[in-house]
Amino acid sequence: MKQFEILGKKDTRSGFGEGLVEIGRKNPDVVALCADLTGSLKMDAFLKEFPDRFFQAGIAEANMIGMAAGMTIGGKIPYTGTFANFSTGRVYDQIRQSVAYSQKNVKICASHAGLTLGEDGATHQILEDIGMMRMLPHMTVIVPADFNQTKQATMAIAEHVGPVYLRFGRPVVPIFVQPDAKFTIGKADLLIEGTDVTIIACGHLVWKSIEAAQQLAEQGISAEVINMHTIKPLDEKAILDSVRKTKCVVTAEEHMLNGGLGDAVAQVLARHLPSPQEYVGVNDTFGESGTPDELMVKYGLDTPNIVEAAKKVLKRK
């Protein structure tokens, strides 16, 4: 089984910050807007290097989205930055009407997503955002797995014409994607080849899926692991090619079971290849205050939960 080298540990929001500066140097049309969370979004370096291309909207997220939509008319490529809850739930009307419906070239960049926001509690821990965004026509939805991939995705979306939702987080997590890896929107990464069960994950659950595959291998179970960093457009071929081989699948995400990666995969299988599927995600509940690790364990988003789901789905083949 393939072994993964941990290249270090860092938060994915820092990957966004570094990617934003780098793409800003390469493309003078890139501008950045923030809703009073410049430090939290790691946008400080962009502000320092390009002060004339940075716009502080204050705690007025709806206005920020409207400003960004307007800037695209002049040929700019605006990156908006705030917490995922405020990037989606608070401004869904503005995103729907001014960005998605109008097909504006706005990059909605959302940090502190999911339970790993931790101590800020349920009001800030949005777990519905992937579903909200993937239901919007014309919207691309990306959930990278680590620091390097978040940096790569941040740069790649500047070349994509159309609205994008880029989701990342605050906790420090292992870096395993190579710094020179190519990021292709809509093309999943096959991390581990296997024959018994497919595990499809996104975001922070990708590394936990790698750990689960290693534990399963020790028990004689061959797990295939796919990093589905793009939720929309979904790499249907990667899903079908894998599940045709393994005959069953586990999906893992730091998101509500309803509407997220698991539902997206299930729709593909229902249309083309009905197969047993188990979900690892938050089951129809809000979060609570706690450390990220405590919450991931309590709400069933840890490595043992993926292992258990794989064993369960194997029995259904």
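The values are calculated or read from the model by the stated rules, or taken from the named source; none is laboratory data. None of these values were measured; they are calculated from a predicted model. Here the Cβ positions follow ideal geometry from the backbone for every residue, glycine too, while neighbour counts run over all protein chains shown.
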Here the residues within the range 43-54 that are surrounded by fewer than 23 Cβ atoms within 10 Å (Cβ to Cβ) and of a type outside the set (F, W, Y) are D44, A45, L47, K48, E49, P51, D52, R53
Being over 24 Å from G290 (Cα atoms) and β-branched (V, I, T) narrows I157, I126 down to just I157
Sole miss for P28 among (1) more than 26 Å from I175 (Cα to Cα); (2) assigned to a helix (DSSP H, G or I) is condition (2)
Restricting attention to the range 42-69, the residues that are under 19 Å from L136 (Cβ atoms) and of a type in the set (G, A, S) number exactly 4
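Would you mention how many residues in the range 1-52 are aromatic (F, W, Y) and under 17 Å from V106 (Cα atoms)? Working first, answer last.
To start, the set of residues in the range 1-52 that are aromatic (F, W, Y) comprises 4, 16, 46, 50.
Remaining after also requiring under 17 Å from V106 (Cα atoms): 16.
The total comes to 1.
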| query | Just wondering, is there one or more residues in the range 221-234 that are under 22 Å from E5 (Cα atoms), out of contact with any Gly (no Cβ under 7 Å at 6 or more places or on another chain), surrounded by fewer than 21 Cβ atoms within 10 Å (Cβ to Cβ) and in the same structural domain as E278 (by TED's automatic domain parsing)? | reply | yes
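Among the residues of the range 116-132, which ones are closer than 24 Å to L191 by Cβ and touching a strand residue (DSSP E or B) at 6+ places or on another chain (Cβ under 6 Å)? Explain how you work it out, then say what you get.
Step one: list which residues in the range 116-132 are closer than 24 Å to L191 by Cβ, which gives 116, 130.
Within the range 116-132, I130 is the sole residue that qualifies.
Take the residues in the range 132-170 that are without any contact (Cβ under 8 Å) to a residue 60 or more places away in the chain and assigned to a loop (DSSP other than H, G, I, E, B), then tell me which one is nearest to R13 (Cα to Cα).
Pass one, the range 132-170, residues without any contact (Cβ under 8 Å) to a residue 60 or more places away in the chain: 136-138, 156-157, 159-162, 164.
Add one more test, that the residue is assigned to a loop (DSSP other than H, G, I, E, B), and what stays is 136-138, 157, 159-162.
On the way: L136: 24, P137: 26, H138: 25, I157: 16, E159: 20, H160: 20, V161: 23, G162: 22 Å.
Within the range 132-170, the match that is nearest to R13 (Cα to Cα) is I157.
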N258 vs (1) crowded, with 20+ Cβ neighbours inside 10 Å; (2) within 18 Å of the chain's Cα centre (by Cα): all pass except (1)
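Kindly indicate the residue of the range 149-192 that is among the charged types (D, E, K, R) and closer than 19 Å to L7 by Cα and also surrounded by the most Cβ atoms within 10 Å (Cβ to Cβ) among those meeting that condition. If you could, list the steps in order and put the result at the bottom.
Residues of the range 149-192 that are among the charged types (D, E, K, R), as a first pass: 151, 159, 167, 170, 180, 182, 187, 189.
If we keep only those that are closer than 19 Å to L7 by Cα too, we end up with 151, 170, 180, 182, 189.
Values: K151: 27, R170: 20, D180: 7, K182: 9, D189: 20.
Filtering the range 149-192 for residues that are among the charged types (D, E, K, R) and closer than 19 Å to L7 by Cα, the one surrounded by the most Cβ atoms within 10 Å (Cβ to Cβ) comes out as K151.
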